[in-house]
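The values are calculated or read from the model by the stated rules, or taken from the named source; none is laboratory data. On a predicted model such as this, the values are computed, not experimentally measured, just so you know. Cβ: placed from backbone, ideal geometry, glycine included. Neighbour counts: every protein chain shown.
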Amino acid sequence: MPYVNSGSIVYVEHDAKRSTMEITFRDVGTFTFHGVSEEVYLAFLDAPSQGRFYSDHIRQNYPSTFAGSVIEPMRSVPVFAS
């Protein structure tokens, strides 16, 4: 699963056999986009801005399903010794 250099996208994964692309967004979760070719996936990876490529070429052009939410890491709570 390649990590990408994006402010809003954490990582992506493409399944060529199923023609799906999973995109995990920071603070939102993972969406599966259906019908995404390998060429589109590779263009996404090569784009100067994956966020802009997503907005311009994927968001409105491929049906999607919500695959899961982001699990917030546990925030540390200070422990005071007595």
Original post:
When the range 5-35 is examined, which residues are found to be buried (at least 19 other Cβ atoms within 10 Å of the Cβ) and more than 17 Å from S64 (Cβ to Cβ)?
Top reply: S6
Subject >> Residue satisfying all of: in the range 36-63; touching a strand residue (DSSP E or B) at 6+ places or on another chain (Cβ under 8 Å) and not in a helix (DSSP H, G or I); surrounded by the most Cβ atoms within 10 Å (Cβ to Cβ) among these >> reply: V36
Subject >> Among the residues listed as V28, V4, V40, V79, the single one being at pLDDT 95 or above and not aromatic (F, W, Y) >> reply: V40
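If I ask for residues that are among the charged types (D, E, K, R) and part of a loop (DSSP other than H, G, I, E, B), which ones from the range 21-35 would you list? Spell out how you get there, then give the answer.
Keep residues of the range 21-35 that are among the charged types (D, E, K, R), which gives 22, 26-27.
Selection gives R26, D27.
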